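Right, one structure below, let's go through it.
The values are calculated or read from the model by the stated rules, or taken from the named source; none is laboratory data. Small disclaimer: the values here were computed from a predicted structure and weren't measured. Cβ atoms come from the backbone with ideal geometry, glycine included; neighbour counts cover every protein chain shown.
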Amino acid sequence: MMARSLYSIGWKIVTEPGLASLVRRAYNQGVVMDTWMHGEWQADMMPQAQSRLTEWAEEFATQLSADEITCPLYILSVPYLTHLFQAVLTSMALFTVHTQSNIKQLTPRAVEEARGTLQQFAAQERSGLHAVVRVFHVIWFFEDLNALRYFRQLPRREFLSGISHRPWVKDLLADQLSLYLRMGLVKEWLTGQGETLRLTSRGQRILQELERVLEESGELAWRANQQRWDIFRDLNYDTVFHVVAPDSDQATQDFLDLLTVKPGMRVLEVGAGTGRVSVDMGLYKRVLPDGQITAVEPSAAMGDHLQDKCDKRQISNVQIVRARAEDLPFDGHQFDLTLSVAVLHFTEVDRAVREMTRVTKPGGWVTAAVPPPNMDIREIPMVALWLRPLNELAEEFGLPFGDRNGLPLGRLEEAFHQASLQDIKAWSAPITVTAEDCHAFFTFFVKGAAFFQHTLARLPYRERVHLLQHLEKRGEQIASQTQPEEKRHVYYGEAIWGRVSTN
């Protein structure tokens, strides 16, 4: 088949109207590529898990081959499909492990859950298991071509090893490189160091469409958030937060003192984290003896940390529920007061506020405190110099410098009005942020709060890891040459409350 016709077929596939929706359905159901988190840690696979994974990958490959559904660009041989499903099942099982804070091994149970999820997804798709193949080819093609765009050229041997961009599925790279060359997406050059691969104009065009699909599906945003949650897993949040925002407790205490919290009340905290508000700042004491705090937290790691605090302090009136602000698992009108602190900028704010309003009793209050609007840490002079490489990278990708770094001014109040809350009052309070401890600052803002994951998620695997290592060392060097007053800045956070209608 000529390169032109192969390219035409490929172009038709990546521009199909329903492709982005297919990718979205996949990751929403847990059919995911959990690889962008591995720079932090990766679970070991138990031998029994590996045995079952291999068995089921072969089972899926044989089934798909028997269905005689082929990809127009590939001959989907059983060995090729076996490698593919091994990678997919491994990834999905790792995703299960990465969302459980106390699990350090990939177990047979995790692999079995991945198998069940994959079967359920395929059963709901018209093309069955072939839908899985389509989704992962979109992601892997993007990773391959994006690496060539970013590095501009790669030695053939390095590309085939996958070390630069996707070491987790290197068994398939030779087949895929052969296809890229036949389609005219990649060109080989002979240099003094051997064969080198470069992206062609056709490759650039296909890559742009793949990027559009991943953007439109929300997959790029999804992977950025997964990096964020994986980092939260091992982050000593309590320590670093107090170091970078030394007056945060006082600001939060002032906020809590304005709220009417009485004994016997049922209070819901959305995004409770490790319990800084519910436990450390004594909110649970204010509702004693008969009241209860329900602490909602989506991160298993943070929820477990909060549970440990409650157990050690013998606190019995804090119930921990793992859930998202946008989908609170409660009937309506359950709580006297619903609050969140430093959380709503990480959510779909309109939906989260509607949910908070829904579960609050008529006449009860919904209240929130959030970071400064569109907080820009470049207002700290040292940080502006320190993170210049991230700034330049964001500009190169056409992205804003930070992501999820605060809501636009007035956005939270708008969400409260849209939720039909009454007696709304908004105010601001000063918060000092300091980079005097550059390690704590980097851990919290770059890794923990992950304001830059939208940029980092677009980097090839190796480059993302190397960039973070480089920035940590750069911070140490710049901090040693910077005056204390250049390492801090006073921002103004926002707070708001509103009453649920009694009508």
Quick one: which residue in HIS137, HIS130, HIS165 is under 28 Å from the mean Cα position of the chain (by Cα) and crowded, with 22+ Cβ neighbours inside 10 Å? HIS165
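Quick check on my filter: what residues within region 125-160 are without any contact (Cβ under 8 Å) to a residue 24 or more places away in the chain and either closer than 25 Å to GLU58 by Cβ or among the β-branched types (Val, Ile, Thr) (or both)?
Residues satisfying the conditions are ARG126, LEU160.
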Going through (1) surrounded by 20 or more Cβ atoms within 10 Å (Cβ to Cβ); (2) closer than 25 Å to ARG276 by Cβ one by one, GLU379 fails only at (1)
Considering only residues that are in a helix (DSSP H, G or I) and touching a Gly at 6+ places or on another chain (Cβ under 9 Å), look in region 145-170 and name the one that is nearest to ARG198 (Cα to Cα). LEU148
For LYS487, which of the numbered conditions (1) closer than 20 Å to PRO400 by Cβ; (2) at pLDDT 95 or above; (3) not β-branched (Val, Ile, Thr) fails to hold? (1)
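Does region 220-252 hold any residues that are at pLDDT 85 or above, part of a loop (DSSP other than H, G, I, E, B) and surrounded by fewer than 20 Cβ atoms within 10 Å (Cβ to Cβ), and which are they? I'd like the intermediate steps shown before the answer.
Looking only at region 220-252, we keep the residues that are at pLDDT 85 or above, and these are 242-252.
Adding the requirement that they be part of a loop (DSSP other than H, G, I, E, B) leaves 245-247.
Result: PRO246, ASP247.
Of everything in region 44-61, what is closer than 11 Å to PRO108 by Cα and within 28 Å of the chain's Cα centre (by Cα)? Give them in sequence order.
Pass one, region 44-61, residues closer than 11 Å to PRO108 by Cα: 45-53.
Once the filter is applied, which keeps residues that are closer than 11 Å to PRO108 by Cα and within 28 Å of the chain's Cα centre (by Cα), region 44-61 yields MET45, MET46, ALA49, GLN50, LEU53.
Table: residues versus (1) at pLDDT 85 or above; (2) outside any helix (DSSP H, G or I); (3) of a type in the set (Phe, Trp, Tyr).
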{"residue": "TRP11", "(1), (2), (3)": "yes, no, yes"}
{"residue": "LEU22", "(1), (2), (3)": "yes, no, no"}
{"residue": "ARG25", "(1), (2), (3)": "yes, no, no"}
{"residue": "GLY30", "(1), (2), (3)": "yes, yes, no"}
{"residue": "GLN42", "(1), (2), (3)": "no, yes, no"}
{"residue": "GLU55", "(1), (2), (3)": "yes, no, no"}
{"residue": "ALA61", "(1), (2), (3)": "yes, no, no"}
{"residue": "LEU73", "(1), (2), (3)": "no, yes, no"}
{"residue": "LEU76", "(1), (2), (3)": "no, yes, no"}
Can you spot a residue in region 272-287 that is in contact (Cβ under 8 Å) with a residue 24 or more places away in the chain and over 29 Å from ARG351 (Cβ atoms)? no
Single residue of ASP308, ASP280, ASP336, ASP290 found to be farther than 25 Å from SER248 by Cβ and out of contact with any strand residue (DSSP E or B) (no Cβ under 9 Å at 6 or more places or on another chain): ASP290
If we scan region 168-191, do we find a residue that is β-branched (Val, Ile, Thr), free of Cβ contacts under 8 Å to residues at least 12 places away in the same chain and either over 25 Å from LEU76 (Cα atoms) or crowded, with 20+ Cβ neighbours inside 10 Å (or both)? yes
Quick check: anything in region 359-376 in the same structural domain as HIS454 (by TED's automatic domain parsing), assigned to a helix (DSSP H, G or I) and acidic (Asp, Glu)? no
Which of the following residues is within 30 Å of GLU486 (Cα to Cα), hydrophobic (A, V, I, L, M, F, W, C) and touching a residue at least 12 places away in the same chain (Cβ under 8 Å): VAL359, VAL343? VAL343
Is it fair to say ALA301 is assigned to a loop (DSSP other than H, G, I, E, B), touching a residue at least 40 places away in the same chain (Cβ under 8 Å) and surrounded by 21 or more Cβ atoms within 10 Å (Cβ to Cβ)? no
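Here is a yes/no grid of residues against (1) closer than 28 Å to PHE255 by Cβ; (2) more than 21 Å from the chain's Cα centre (by Cα); (3) in the same structural domain as THR367 (by TED's automatic domain parsing):
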site	(1), (2), (3)
ILE431	yes, yes, yes
ALA435	yes, yes, yes
HIS439	no, yes, yes
PHE451	yes, no, yes
TYR461	no, no, yes
LEU467	no, no, yes
GLN481	no, yes, yes
TYR491	yes, yes, yes
GLU494	yes, yes, yes
